[in-house]
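A.B. asks: What follows is a structure written as structure tokens; I'll ask about it next.
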Protein chains: 2
Amino acid sequence: MALEIVSRHGCFGGTVTYYRHASSATGTLMRFSAFVPANVQNAPLLWFLSGLTCTEDNFTVKGGAYRQAAALGLVIVAPDTSPRGADVPDDPAYDFGQGAGFYINATQAPWATHFQMERYIAQELPQVVAAELPVDMRRQGLFGHSMGGHGALTLALKYPQQFTSISAFAPIAAPTQVPWGRKAFTSYLGSDEAAWQDHDACVLMRRSGDRRAMPAILLDQGADDPFLHEQLRPELFEAACAAVGQGLILRRQAGYDHGYFFVSTFIDDHLRHHAAILGGQS
Amino acid sequence: MALEIVSRHGCFGGTVTYYRHASSATGTLMRFSAFVPANVQNAPLLWFLSGLTCTEDNFTVKGGAYRQAAALGLVIVAPDTSPRGADVPDDPAYDFGQGAGFYINATQAPWATHFQMERYIAQELPQVVAAELPVDMRRQGLFGHSMGGHGALTLALKYPQQFTSISAFAPIAAPTQVPWGRKAFTSYLGSDEAAWQDHDACVLMRRSGDRRAMPAILLDQGADDPFLHEQLRPELFEAACAAVGQGLILRRQAGYDHGYFFVSTFIDDHLRHHAAILGGQS
């Protein structure tokens, strides 16, 4: 688990660092990026999970997050979306295999050997980050985009003691009901749909009991997103939140599609949302 | 010269559009991006010229410019850095050929046929843009990064009636005296160095006469830029400006390297610099 610095760059007074380390969860070298503002100690830690086809680099260079993160004193860690390498199984499609780990632990061969992204993100990587970065692990927030929005919503619901603030951009909000999720879950988890239910944000939300005391979730969705109706289905997550009293700020943004121009337009709102819940640096 | 929209994306209330058109200057299809804020008419037009290896996409997705451009009402156009295509000569090195047009008109075979980037940027593309976008062509600013910083400084000095406000990030400020420039000019312009002088910002500045009445040029340079001493040489441009009374705000930024994390950190300052000279939208 020795951590190697791939590169470090000055950015808004702080630094962006790309790291690489051998992961015991995935059995591969994994990469992530970290933005650390200048002069922070015990800073809130915000995790960003990326979408299909992305690496740790996409959000880091396209998200436009670090100006506001510097102002708010937030550390942001952006992991890769799957194990990678010549020894790792893959699929020619963009929506499955490498670049498409779905933030779950695969149970089916040949995927189960390396595709242990839930364990990596929720358990192993936090230990790596806590040992390396000036963060307060009692104040962790989680957000993500598309497949990473699915990851953010589900991991926040699975690990409520760990992640306090939650938001998402255009998440795959009901993966058991849409083609992207059904394809991935069939191969990673097997064809028994009962095993899928633990990894669907709508199911997890409905199971979670009265959530009136929980901080509201912020969800931005482009109204012109070509994946909205077939793959994302935020209205199902909206209904699940309503059923258990979970506060949800669902904003349907007219004129926006699925890409990083959309994400970057609203990123400052998300950072302020998390900072308001997690508090500033202490 | 018919203009084709490749894609359009909502961004900070306005739009980012990628365009493609057949260029008579280069004899190829050329691409550029344009950010247009919401509800602007006769807006100031700011040109961003990118560096070695870049396309029209790099600044567009990594520059972090559009939040502030939207606030200031600036249109920003980012062209590609060279002609491209299977029929266009190329070189295996990253610093010459496709992706490395140097914003000059090549005079030597086989480059002269397509590598007419000065004509493309200063003459053809402005006509295309004026016909398509809600801009005031009397208010044009020019900035760029690295090779594109060289392009911005030299084209602004060659076409002073066209470009009113000037800035640069880590420009190749004295190309006739550094390896990147000498290599490119030898092949594009021939081995007679007399022909190179018209394309060196330091030479052009010293030739330009008393510039005390001109707006100051803003130049940001990372102090940790690995190319600083061998390829960029801002101190030579600083001396040239001093020799003719040109105002220059040269900021040596400690802790910053040559990449877009550096550019994005200071982009807002550059946009405000241009807006202050060009005025807001009318």
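The values are calculated or read from the model by the stated rules, or taken from the named source; none is laboratory data. Note that the structure is a prediction, hence the values are computed from the model and not measured. No Cβ is skipped: glycine too gets one built from the backbone with ideal geometry, and neighbour counts run over all protein chains shown.
A.B. asks: Being in contact with a Lys or Arg (Cβ under 9 Å, 6 or more places away or on another chain), closer than 17 Å to A:Q116 by Cα and assigned to a loop (DSSP other than H, G, I, E, B) is the filter here, so list the residues in the range A:55-94 that pass it.
C.D. replies: Correct list: A:T55, A:E56, A:D80, A:R84, A:D90.
Yes or no, residue by residue, for (1) closer than 25 Å to B:D200 by Cβ; (2) touching a residue at least 40 places away in the same chain (Cβ under 8 Å):
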{"position": "B:R84", "(1), (2)": "no, yes"}
{"position": "B:G97", "(1), (2)": "yes, no"}
{"position": "B:F102", "(1), (2)": "yes, yes"}
{"position": "B:A109", "(1), (2)": "yes, no"}
{"position": "B:T113", "(1), (2)": "yes, yes"}
{"position": "B:I121", "(1), (2)": "yes, yes"}
{"position": "B:A130", "(1), (2)": "no, no"}
{"position": "B:R139", "(1), (2)": "no, yes"}
{"position": "B:F143", "(1), (2)": "yes, yes"}
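A.B. asks: Within the range B:226-237, can one find any residue that is over 15 Å from B:A174 (Cα atoms), within 14 Å of chain A (Cβ to nearest Cβ) and touching a residue at least 40 places away in the same chain (Cβ under 8 Å)?
C.D. replies: The answer is no, given that none of the residues of the range B:226-237 is over 15 Å from B:A174 (Cα atoms), within 14 Å of chain A (Cβ to nearest Cβ) and touching a residue at least 40 places away in the same chain (Cβ under 8 Å).
A.B. asks: I've got another one for you. B:K62 passes all but one of (1) surrounded by 17 or more Cβ atoms within 10 Å (Cβ to Cβ); (2) away from chain A (no Cβ under 14 Å); (3) charged (D, E, K, R); which number fails?
C.D. replies: (2)
A.B. asks: Answer yes or no as to whether A:A184 is in contact (Cβ under 8 Å) with a residue 40 or more places away in the chain, away from chain B (no Cβ under 14 Å), surrounded by 23 or more Cβ atoms within 10 Å (Cβ to Cβ) and over 30 Å from A:A43 (Cβ atoms).
C.D. replies: Yes: the conditions hold for A:A184.
A.B. asks: With the checklist (1) touching a Gly at 6+ places or on another chain (Cβ under 6 Å); (2) of a type outside the set (D, E, K, R); (3) in a helix (DSSP H, G or I) in hand, flag the one item A:S165 doesn't pass.
C.D. replies: (3)
A.B. asks: Looking at the range A:206-221, can you tell me whether even one residue there is more than 21 Å from A:A65 (Cβ to Cβ), part of a loop (DSSP other than H, G, I, E, B) and either under 17 Å from the mean Cα position of the chain (by Cα) or within 14 Å of chain B (Cβ to nearest Cβ) (or both)?
C.D. replies: No, the range A:206-221 has no match at all.
A.B. asks: While we're on this one: How many residues are part of a strand (DSSP E or B) and within 14 Å of another protein chain (Cβ to nearest Cβ) if we restrict to the range A:6-34?
C.D. replies: Qualifying residue count for the region: 13.
A.B. asks: I'd like the full set of residues that are crowded, with 18+ Cβ neighbours inside 10 Å and not charged (D, E, K, R), limited to the range B:71-88.
C.D. replies: Matches in the range B:71-88: B:L72, B:G73, B:L74, B:V75, B:I76, B:V77, B:A78, B:P79, B:T81, B:S82, B:P83, B:V88.
A.B. asks: Name the single residue, out of those in the range B:238-268 being more than 23 Å from B:G181 (Cα to Cα), within 14 Å of chain A (Cβ to nearest Cβ) and assigned to a helix (DSSP H, G or I), that is nearest to the chain's Cα centre (by Cα).
C.D. replies: B:I267
A.B. asks: Select, from A:Y188, A:Y159, the only residue that is among the aromatic types (F, W, Y), at pLDDT 95 or above and within 22 Å of A:F59 (Cβ to Cβ).
C.D. replies: A:Y159
A.B. asks: Can you say whether B:I104 is among the aliphatic types (A, V, I, L, M) and out of contact with any Leu (no Cβ under 6 Å at 6 or more places or on another chain), as far as the supplied structure shows?
C.D. replies: yes
A.B. asks: Would it be correct to say that B:Y19 is among the aromatic types (F, W, Y), buried (at least 24 other Cβ atoms within 10 Å of the Cβ) and either farther than 27 Å from B:Y188 by Cβ or at pLDDT 95 or above (or both)?
C.D. replies: no
A.B. asks: List every residue pair whose Cβ atoms sit under 7 Å apart, with the two residues 6 or more apart in sequence or on different chains, where the first one lies in the range B:1-27 and is over 17 Å from A:H258 (Cβ atoms) and in contact (Cβ under 8 Å) with a residue 60 or more places away in the chain and the second, anywhere, is among the polar types (S, T, N, Q) and surrounded by 15 or more Cβ atoms within 10 Å (Cβ to Cβ).
C.D. replies: Going by the 7 Å Cβ cut-off, the qualifying pairs are B:A25/B:Q116; B:T26/B:Q116; B:G27/B:T113.
A.B. asks: Sticking with this structure for a sec: Taking the condition of being buried (at least 18 other Cβ atoms within 10 Å of the Cβ), more than 15 Å from the chain's Cα centre (by Cα) and in a strand (DSSP E or B), how many residues in the range B:107-151 meet it?
C.D. replies: 3
A.B. asks: Give the range A:35-54 a look and list any residue that's farther than 26 Å from A:Q116 by Cβ and within 14 Å of another protein chain (Cβ to nearest Cβ), or say none.
C.D. replies: A:V36, A:P37, A:A38, A:N39, listed by residue number.
A.B. asks: Shifting gears a bit: Name the pairs: first residue in the range B:206-225 and at negative phi and surrounded by fewer than 18 Cβ atoms within 10 Å (Cβ to Cβ), second residue among the hydrophobic types (A, V, I, L, M, F, W, C) and part of a loop (DSSP other than H, G, I, E, B), Cβ to Cβ under 6 Å, at least 6 apart or on different chains?
C.D. replies: Cβ pairs passing all conditions: B:A223/B:A254.
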